[in-house]
Every structure is written in structure tokens, then in C-alpha cells.
Amino acid sequence: MDTVLDLLEVLKDMLKRVDELPLDASLNCILTAFQTLQGPGRELKIDQKEYITPLYSQLKRLCTEDRDRICVKIVLRCLDTSFLKRREFSKVRLASFLKELFTLALHSSPSTSTSIIAVCRQLLHRYPSLHQLLENEEDVLTQGQYDPTVEDPEHANPYATSCWELSTLMFHSNPAIAQQASRAASLKLIQLPTELPERIQTQMHQDSEEKFYVETRYNRKKHPLENKEGKKQQLRFITPNQTNQITF
């Protein structure tokens with residue numbers, strides 16, 4: 001047990017300067033802390049806020065650094081360990097993460113965006129209190145404004161806004177992103193293991209290396225002169241009758 005406490009203390013000291021660390025190093029520190037608290041340190045009564053707050057501050061770096069494809073899997077594991085494998089009782093903390101994740105999905109690559117929306121669907125299913133963020137902002141009765149710049153998710157005031165990013169993602173040019181966003185908006189239950197976030201991220205990353213185009217649906221409109229058999233009707237022109245010219 002002393003070894004576990006020493007390890008958590010070292011990780012806590014490293015996370016105090018989390019912005020100075022490489023993104024993959026900071027995320028691995030957070031993931032190690034979560035796995036330690038749920039493994040050898042599960043008997044310790046330690047608030048995981050000291051490790052959840054750095055995770056919240058590192059989400060923005062996913063769409064600003066070149067190594068987002070490498071780090072996104074670590075983020076997915078951190079979210080699964082901190083919110084899905086354990087029960088989070090802070091509604092404000094959950095709402096702040098959901099809002100931040102939808103914002104991240106709006107500015108990320110297709111593989112990252114699709115997997116992040118899949119995680120959001122899991123959060124919406126596990127925590128019904130988050131459904132309030134899918135409502136219209138005009139129906140929200142909360143004082144203050146949402147602040148996305150704070151480092152602590154407890155101070156973001158997420159219930160003063162809504163996840164409006166979802167309505168934009170529903171009309172994304174990438175059909176996979178639009179499909180995930182539509183299913184999230186309708187609170188459709190996620191299908192496992194087909195829609196497992198890590199599996200979606202890996203598959204879309206492989207497709208992006210093999211394909212140089214985005215598959216889109218093409219809606220063919222029927223020509224107004226086309227008959228039921230798919231053939232265009234021949235045009236018939238009416239020849240005007242010749243009339244005697246009247247001279248004045």
C-alpha cells in the first residue's frame with residue numbers, strides 16, 4: 001500500500017506542471033493514476049478530482065497538436081476508466097466534460113470526432129442528468145454564463161448553455177460523423193462492440209490511409225421528361241401554320 005501511495009504522490013507532482021509535459025506523457029500519467037486507484041489502490045478513499053481536472057484541461061490539446069491520432073486512444077481509455085467503469089456523482093463535472101467533448105468533436109479529424117461522439121453517447125446513456133444539455137438554451141433556467149476557459153470543470157457552469165455543437169455535427173460532410181451525431185441527438189442506444197469508440201477510431205484511421213475521398217450519398221432526381229422505364233420521352237415540336245403576310 002505504501003508503494004501505491006508513493007506512486008500516486010509522484011503522479012500528482014508531475015500533473016502540477018501538466019501543460020509543460022508532452023501530451024502523450026501527461027495523458028499516460030492520468031491513465032496510470034486512474035488504473036492504480038481502480039486496481040491496487042481501490043481500498044484508498046481518494047478523490048479522483050486531482051486527476052480528472054488535468055484530464056479536462058488536456059482535451060483542448062487534442063485538436064491543436066499533430067499527435068492527436070496517437071493520443072486519442074489514451075483519452076478514450078481515460079474517459080472509460082473515470083466515468084464509465086466508475087460512478088461519477090458530480091453532475092456539474094459530468095456536464096462540463098460532455099460540453100467540452102462535443103466542442104472537441106467539432107474541431108477534430110473525422111476519426112477523432114466520430115469516436116468522441118460515441119463516448120458522449122455512452123455518457124448520455126449512463127447519466128440521464130446530462131439530457132438537459134440537449135434542450136434549447138431558451139428553456140434553461142440557470143444564472144451566469146458558461147465559461148469554457150476555466151481549468152476546473154466544476155467552475156465552467158455548463159448548465160447555462162447547451163450542446164449546440166451536436167446540431168452542427170448532424171450536417172457534417174462526413175457521413176460517419178453525421179450518423180453518430182444524429183444517434184446521439186435521438187439518444188439511441190449504442191451498439192457494442194460494433195460502435196465501441198476505440199474500434200471506430202481505429203477503423204476510420206485505417207480508412208483514411210487507404211482512401212483519398214469521403215463517401216457521400218448521392219440523391220438522383222428524376223428528370224421531368226423521364227418515363228417509368230427510365231427513358232426520356234422524345235420531344236415533339238409543333239410546327240406553326242403559315243399565314244398570309246399582311247402588307248400595309
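The values are calculated or read from the model by the stated rules, or taken from the named source; none is laboratory data. Just so it is clear, the model here is predicted, and its values are computed rather than measured. Here the Cβ is made from the backbone with ideal geometry for all residues, glycine too, and neighbour counts use every protein chain on show. Heavy atoms of the whole protein, side chains included, go into the accessibility calculation; ligands, DNA and RNA do not. Shrake-Rupley method; radii C 1.70, N 1.55, O 1.52, S 1.80 Å.
Can you give me the number of residues within the range 20-68 that are of a type in the set (Lys, Arg), farther than 19 Å from Leu5 by Cβ and surrounded by fewer than 16 Cβ atoms within 10 Å (Cβ to Cβ)? Adding up the residues that qualify gives 2.
Hey, Val10 hits all of (1) crowded, with 17+ Cβ neighbours inside 10 Å; (2) without any contact (Cβ under 8 Å) to a residue 40 or more places away in the chain but one; which does it fall short on? Against the list (1) crowded, with 17+ Cβ neighbours inside 10 Å; (2) without any contact (Cβ under 8 Å) to a residue 40 or more places away in the chain, Val10 comes up short only on (1).
The residue that is modelled with the lowest pLDDT, among those in the range 180-218 that are in a helix (DSSP H, G or I) and surrounded by fewer than 10 Cβ atoms within 10 Å (Cβ to Cβ), is Glu210.
All of (1) open to solvent by 60 Å² or more (accessible area, probe 1.4 Å); (2) farther than 19 Å from Val18 by Cβ; (3) at pLDDT below 90 hold for Lys91 with one exception: (3).
For the range 96-109, the condition holds for at least one residue, the condition being that it is among the basic types (Lys, Arg) and open to solvent by less than 10 Å² (accessible area, probe 1.4 Å).
Kindly list the number of the only condition in (1) without any contact (Cβ under 8 Å) to a residue 24 or more places away in the chain; (2) within 19 Å of Ile200 (Cβ to Cβ); (3) among the aromatic types (Phe, Trp, Tyr) that fails for Phe89. All conditions are met except number (2). Take the conditions among the small types (Gly, Ala, Ser) and open to solvent by 60 Å² or more (accessible area, probe 1.4 Å) and apply them to Ser167. Does it pass? The answer is yes for Ser167.
Could you tell me which residue of the range 134-149 is modelled with the lowest pLDDT, considering only residues that are within 18 Å of Ser90 (Cβ to Cβ) and touching a helix residue (DSSP H, G or I) at 6+ places or on another chain (Cβ under 6 Å)? Within the range 134-149, the match that is modelled with the lowest pLDDT is Thr142. Is it the case that Leu76 is surrounded by 18 or more Cβ atoms within 10 Å (Cβ to Cβ), touching a helix residue (DSSP H, G or I) at 6+ places or on another chain (Cβ under 6 Å) and assigned to a helix (DSSP H, G or I)? So Leu76 passes the test. Can you tell me which residues in the range 137-164 are part of a loop (DSSP other than H, G, I, E, B), open to solvent by less than 70 Å² (accessible area, probe 1.4 Å) and among the hydroxyl-bearing types (Ser, Thr, Tyr)? Hits for the range 137-164 are Thr142, Tyr146, Thr161, Ser162. Is the range 112-126 home to any residue that is open to solvent by 10 Å² or more (accessible area, probe 1.4 Å), assigned to a helix (DSSP H, G or I), out of contact with any helix residue (DSSP H, G or I) (no Cβ under 6 Å at 6 or more places or on another chain) and without any contact (Cβ under 8 Å) to a residue 60 or more places away in the chain? Looking for residues that are open to solvent by 10 Å² or more (accessible area, probe 1.4 Å), assigned to a helix (DSSP H, G or I), out of contact with any helix residue (DSSP H, G or I) (no Cβ under 6 Å at 6 or more places or on another chain) and without any contact (Cβ under 8 Å) to a residue 60 or more places away in the chain, one finds at least one in the range 112-126, hence yes.
Restricting attention to the range 1-52, the residues that are of a type in the set (D, E, K, R), under 14 Å from Arg86 (Cα atoms) and assigned to a helix (DSSP H, G or I) total 1. On the basis of being under 19 Å from Thr149 (Cβ atoms), in contact (Cβ under 8 Å) with a residue 40 or more places away in the chain, out of contact with any Cys (no Cβ under 6 Å at 6 or more places or on another chain) and not aliphatic (A, V, I, L, M), does Ser57 make the cut? Answer is yes for this residue.
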